[in-house]
Amino acid sequence: MTSIASIFVAAAAVSISHVSLRAGGEAKDVALPAEIRPLLEAHCIDCHDGPRGKGGLDLAPALERNQIGEAPLRALRKRLAKRDMPPADEEIRPTREEYAAAVAAIDAVVAPTTREVPNVRRLNRAQYAGSVRDVVGVDAADVIVERMLPADEIGEGFDTTGDTLALPPLLLEKYFDIAEAIAAEAVPDARPRRIVVSPERLERRGQGGTYDGLAWLSTNGTLRASVEIVRAGRYRITVDVAAQQAGDALARMALLADEKSVREEDITADRAKPQPVVWEGELAAGARMIGVRFLNDFWDPNAPDRSRRDRNLGVGAMVVEGPLDPPPPSAFEVRALEAAGEGGEAARLRRLADTFGARLFRRELTQSECDALATIAREAAIRQGDEKRASWKAQLRALVTALLVDPRFLLRIEVPADEGGRRPLSGDELASRLAFFLWSSVPDEELSEAASRGELATADGLALQARRMLRDPRATTLASRFAAQWLGIDGLALREFDPKLYPSVDRALLTSMRRETELLFESVVRGELPVRTLISSRKTFVDARLAQHYGVVREAADASAFVAVEVPETRPSGVLGHGSILLATSNPTRTSPVKRGKWVLDALLDEAPPPPPPGVPQLPETREEKKGLSIRELMALHRANPDCASCHIQMDALGLAFERIDVDGRLRDAVDGEVIDDRTELPDGSILAGVAGVERFLEKNDGFERAVARRLLVYALGRGTADADDALVDNLAKELRTHGAFTQLVEGIVRSDAFRTRVDSPKAPTR
């Protein structure tokens with residue numbers, strides 16, 4: 001940790017304490033609600049009667065005694081709320097109204113469980129980078145954060161979940177390094193940077209060894225090293241070179257910059273006192289290769305003078321200094337100069353602490369807070385430079401560092417409500433919730449001013465700001481963060497597939513596939529298309545590489561540009577035909593009907609199957625292991641296990657319907673020489689004719705709207721849902737089915753009590 005970072009350790013050494021709360025009271029029996037008795041007798045008791053009742057649930061004693069334990073009653077409520085019991089293949093099932101009445105009756109006996117986000121949670125990586133990009137203006141923030149911060153843990157399917165966003169000491173140290181790297185980008189150092197590469201670190205191409213403080217080349221060859229040039233400009237390269245002479249000519253070398261010779265020179269010095277070879281010139285930003293090439297090796301074993309039989313070249317340290325020209329003021333420095341105003345440096349620094357601190361801390365700062373930040377920055381700049389008076393640049397850089405490691409920036413803090421009570425969030429808290437939800441960033445000036453005027457205290461005021469923010473380009477983060485995690489493609493670029501089977505699948509293609517899905521979702525966010533378009537669209541977005549991969553017609557001069565194209569009739573609609581989804585739900589060597597079926601149930605219908613029981617073997621991967629059986633036959637054997645059958649019947653039917661689409665998203669007719677049969681049967685007897693059948697199944701199923709609504713609510717709140725959220729989720733899904741607009745769903749969320757208030761009361765585990 002550097003000296004500047006140590007200034008802030010005491011202020012920033014904050015740990016987050018997560019309090020785990022449970023549904024209150026010890027488990028006890030309660031009266032069986034009379035209103036649900038007819039439903040239980042008509043639809044449930046046949047399967048849940050006696051010790052061997054399905055799922056371990058025996059309802060006979062409860063019906064006999066009119067008493068039931070709280071735990072089984074809550075479990076019963078979950079099934080009734082999801083309307084998945086009795087099973088879908090039962091001929092007679094309760095009506096939607098009967099389900100709702102039963103849930104309400106249970107809630108009247110045992111209060112529905114609630115959950116609340118922790119009072120303290122840190123920003124996740126995307127929120128940190130977005131805040132820095134929008135406030136400090138460092139475009140490289142995303143790259144710096146991704147390179148230096150570990151990936152956030154996932155909870156409830158998203159990296160916004162408060163329970164996973166703790167701040168351990170080890171992570172705190174990384175924030176110091178990141179803050180200094182960002183500050184260096186925001187306020188570039190005017191002094192030339194000096195990079196020294198020792199002889200031991202030089203990459204050798206040619207014969208030789210390293211001794212006497214020099215790296216030697218005994219044959220024509222190259223000694224080189226990669227150096228990182230932070231800014232394009234004029235640089236000085238200095239290399240100490242010596243030679244062991246032989247023959248009639250002096251040893252000759254070439255100084256290299258990016259493999260090109262920029263200076264050639266005869267070397268007269270010996271190892272006792274190497275001579276410096278210097279070049280000044282322009283270098284581009286990025287990783288640059290510098291080096292020395294030995295040009296005229298010579299060897300004569302018969303030369304009379306033994307000391308002149310072998311000509312060798314020795315290379316000492318390579319030094320790169322620059323940029324030698326002073327850098328122009330960065331965009332941040334220009335803004336800071338304007339915001340600082342007139343007066344002494346201390347007063348100007350306080351104004352900047354107030355201006356940028358208010359944005360990053362998501363609230364107005366007091367005068368004492370501004371004074372303290374300015375003082376810390378001035379002292380840190382002096383200590384770092386070992387000078388009595390630090391330069392303005394050094395103080396500005398130190399202030400940026402101080403702001404970015406401050407707990408008031410790193411942590412989102414909401415004042416807890418009274419035990420068991422409900423508290424409306426303040427304007428600043430609501431502004432933060434809204435900005436991090438829609439932009440993964442801090443509130444902008446307009447949102448902060450609306451909060452200070454009290455306009456966010458009403459549901460209409462929040463909805464008005466939400467509509468404005470969804471029109472802003474920053475709302476595209478909902479595609480890159482929410483949609484990518486909801487649909488399971490967030491880590492797609494890191495997936496690896498068998499290159500022999502799928503040679504066209506590389507990092508560039510995976511990136512294009514993810515972008516295709518993001519662009520479709522962005523059109524939904526902007527309100528151009530209804531939410532159901534995600535599974536019904538007959539248009540998609542492709543660049544030249546992706547168009548060739550799919551075999552679709554694309555007309556655009558720029559090969560890298562994504563353009564809208566019609567989806568051929570042979571391909572599925574919407575995300576069902578996107579390569580991103582199909583690859584993410586496959587294995588490295590083959591398709592996975594189980595993963596694809598599970599994805600449909602979980603992501604699109606909010607009916608995630610339970611995890612498999614322990615000890616269940618995986619399906620074989622290789623042709624030899626399959627022993628001539630098709631994937632359909634292997635899965636039928638898998639379902640023969642009673643522990644697997646109940647979940648796999650529907651999951652397998654959905655997954656096998658995708659079998660005409662290979663791992664890489666391209667269509668196929670056969671596997672291992674066998675013609676593919678993609679017709680499957682659901683538990684209720686209905687037939688799915690390939691992916692088109694899945695599309696029609698989803699068209700008739702209103703679970704899609706519930707899936708979108710609940711997942712977006714979890715992402716927005718940063719917590720999982722509980723029983724008390726069921727009514728909200730149902731209402732959001734109903735409104736989404738009626739209106740179809742993503743904007744309507746967002747407004748429904750921000751208008752809700754769940755978004756606008758805190759309830760710090762006993763909680764139950766997520767479901």
Region 653-755: helices (runs of 4 or more DSSP H) wholly inside it with 2 or more residues that are under 30 Å from Arg422 (Cα atoms) are 703-717, 726-739, 742-751
When (1) touching a Lys or Arg at 6+ places or on another chain (Cβ under 7 Å); (2) closer than 15 Å to Asp753 by Cα; (3) surrounded by fewer than 19 Cβ atoms within 10 Å (Cβ to Cβ) are applied to Ile687, the one that fails is (2)
Is there a residue in region 716-727 that is out of contact with any strand residue (DSSP E or B) (no Cβ under 6 Å at 6 or more places or on another chain), crowded, with 20+ Cβ neighbours inside 10 Å and among the aliphatic types (A, V, I, L, M)?
-> yes
Every pair of residues 6+ apart whose Cβ atoms lie under 7 Å, when the first sits in region 92-104 and is surrounded by 11 or more Cβ atoms within 10 Å (Cβ to Cβ) while the second is hydrophobic (A, V, I, L, M, F, W, C) = Pro94/Leu39; Glu98/Leu39; Tyr99/Leu80; Ala102/Ile36; Ala102/Leu39; Ala102/Leu80; Val103/Leu80; Val103/Ala81
Before we move on, is Arg433 part of a strand (DSSP E or B) and either out of contact with any strand residue (DSSP E or B) (no Cβ under 8 Å at 6 or more places or on another chain) or of a type outside the set (Val, Ile, Thr) (or both)?
-> no
For Leu214, indicate whether it is at pLDDT 95 or above, within 30 Å of Pro304 (Cβ to Cβ) and aliphatic (A, V, I, L, M).
-> yes
Surrounded by 15 or more Cβ atoms within 10 Å (Cβ to Cβ), among the polar types (S, T, N, Q) and modelled with pLDDT of 95 or more: does that describe Thr477?
-> yes
Is there a residue in region 190-209 that is surrounded by 15 or more Cβ atoms within 10 Å (Cβ to Cβ), within 23 Å of the chain's Cα centre (by Cα), among the aliphatic types (A, V, I, L, M) and within 30 Å of Gly137 (Cα to Cα)?
-> no
Can you confirm whether region 305-323 contains a residue that is under 30 Å from Met253 (Cβ atoms) and of a type in the set (Ser, Thr, Tyr)?
-> yes
Sole exception among (1) at pLDDT below 95; (2) within 30 Å of Asp248 (Cα to Cα); (3) surrounded by 17 or more Cβ atoms within 10 Å (Cβ to Cβ) for Ala390, by number | (2)
Gly461, sole failed condition from (1) surrounded by fewer than 15 Cβ atoms within 10 Å (Cβ to Cβ); (2) at pLDDT 95 or above | (1)
Filter result for the condition that a residue is charged (D, E, K, R), surrounded by fewer than 23 Cβ atoms within 10 Å (Cβ to Cβ) and more than 14 Å from Ala483 (Cα to Cα), over Arg515, Arg554 = Arg554
Considering region 231-272 alone, what residues qualify as being more than 14 Å from Trp216 (Cβ to Cβ), in a strand (DSSP E or B) and over 54 Å from the mean Cα position of the chain (by Cα)?
-> Asp266
Take region 210-227 and flag every residue that is assigned to a loop (DSSP other than H, G, I, E, B) and in contact with a Phe, Trp or Tyr (Cβ under 6 Å, 6 or more places away or on another chain).
-> Asn220
Residues in region 359-375 that are part of a loop (DSSP other than H, G, I, E, B) and of a type in the set (Lys, Arg): how many?
-> 2
Region 51-83, subset at pLDDT below 80 and not in a helix (DSSP H, G or I), residue nearest to the chain's Cα centre (by Cα) = Arg83
Sole miss for Asp139 among (1) touching a Lys or Arg at 6+ places or on another chain (Cβ under 7 Å); (2) touching a residue at least 24 places away in the same chain (Cβ under 8 Å) is condition (2)
Residue identified as surrounded by fewer than 23 Cβ atoms within 10 Å (Cβ to Cβ), at pLDDT below 90 and of a type outside the set (Asp, Glu) among Leu682, Leu713, Leu667 = Leu682
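The values are calculated or read from the model by the stated rules, or taken from the named source; none is laboratory data. Since this is a predicted model, take the numbers as computed values, not measurements. A quick note on method: Cβ atoms are made from the backbone with ideal geometry, for glycine too, and the neighbour counts reach across all protein chains shown.
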